Structure formats: C-alpha cells, structure tokens
Amino acid sequence: MIDINLLKEASKKVLNNSYSPYSGIKVAAAVLTKNGNIYTGVNVENSSYALTSCAEKNAIINSIIHGEKDFLAMAVYTDSHLVKSPCGSCRQFIFEFSKDLQIYFYGPDYYNEFNIKELFPEGFSL
C-alpha cells in the first residue's frame, strides 16, 4: 500500500532547499522504492540554464546513490501555479528507471496523478 500523503510530506519538507534564484520556482520530489525507502530531491538551477537539475531527476539519483533502482511511486511538490507536470527531460529520466511509475503532482492550487506511460507514451530505453 502506497501512502501518498507520506510521499507528499517528504517532498514538501525539502521544498525550501531548492536552489532556484533564476526561475523563482521551487520544486521538490520524493520517490518511494520497493524496499519502502523514500529519497528526495530538489531543483538546483545554474546560470548556464542547461546545467540545471530537476527535482525528479535528483530524487532518482539520490536513490541510486543508495543502491536502489526499483520504484513504486513519486510525489512532486511545487510552489508554482505554472508547473503542472514533470518536464520532458524528467519524463525520459523517469522512464529509464520505471516504465510504470505512478506520479502524484501537487501545486498551490493543483493536484493530479499520472502514470509515466500517460506522460511519455512513446518512451524509449534499453
């Protein structure tokens, strides 16, 4: 059983760790592994914008650093009214590690849930 509130709170807890001086948009993510562990990440921007790293990607990298690559769900939390789903780059990154991940997306006045297959229907990987 996936406790989506636990995932939401884990992402919300690290939101203020976001380094987002250029966009002003904070994003945090929490990924739940099949072992029951939760790993978080935040967006980290760079003045050379192509070097920016998204929260979803950082949460997955954090879990891989800890030896886990099997995911059950992800929560994404943002303070922005504009951001309503993972970006295209994150969709590909998520799909690389989970072809069936459930994603719960929270904004100030927004909630939606997606399956990565809905967001990235023609995804590609090994």
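The values are calculated or read from the model by the stated rules, or taken from the named source; none is laboratory data. Because the structure is predicted, anything quoted here is derived from the model rather than measured. All Cβ positions, even for glycine, are placed from backbone atoms using ideal geometry, and neighbour counts span all protein chains on display. Please note that ligands, DNA and RNA were not included when accessible areas were found on the heavy atoms of the full protein model with its side chains. Shrake-Rupley method; radii C 1.70, N 1.55, O 1.52, S 1.80 Å.
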- Message: Criterion first (modelled with pLDDT of 95 or more and over 20 Å from Phe95 (Cβ atoms)) does Val27 satisfy it?
- Response: no
- Among all residue pairs at least 6 apart or on different chains, which show Cβ distances below 6 Å where the first residue, located in the range 109-123, is within 17 Å of Glu96 (Cβ to Cβ) and at pLDDT 95 or above and the second is open to solvent by 60 Å² or more (accessible area, probe 1.4 Å) and not in a helix (DSSP H, G or I)? none
- Task: Kindly establish whether Lys57 is touching a Cys at 6+ places or on another chain (Cβ under 8 Å) and of a type in the set (Lys, Arg).
- Result: yes
- Task: Could you give me the residue pairs with C-beta distances under 9 Å whose first residue belongs to the range 91-104 and is in contact (Cβ under 8 Å) with a residue 24 or more places away in the chain, whose second residue is of a type in the set (S, T, N, Q) and open to solvent by 40 Å² or more (accessible area, probe 1.4 Å) wherever it lies, and which are 6+ apart or on separate chains?
- Result: Gln92/Ser125; Phe95/Ser125; Glu96/Ser125; Phe97/Ser125; Lys99/Ser125; Ile103/Asn112; Tyr104/Asn112
- Just give me the residues in the range 17-44 being under 14 Å from Ser80 (Cβ atoms) and over 15 Å from the mean Cα position of the chain (by Cα), in sequence order. Ser20, Tyr22, Ser23, Gly24
- Within the range 55-90, how many residues are of a type in the set (A, V, I, L, M), in contact (Cβ under 8 Å) with a residue 60 or more places away in the chain and in contact with a helix residue (DSSP H, G or I) (Cβ under 9 Å, 6 or more places away or on another chain)? 4
- Just for the range 3-56: of the residues that are part of a loop (DSSP other than H, G, I, E, B) and open to solvent by 60 Å² or more (accessible area, probe 1.4 Å), which one is nearest to Phe71 (Cα to Cα)? Lys34
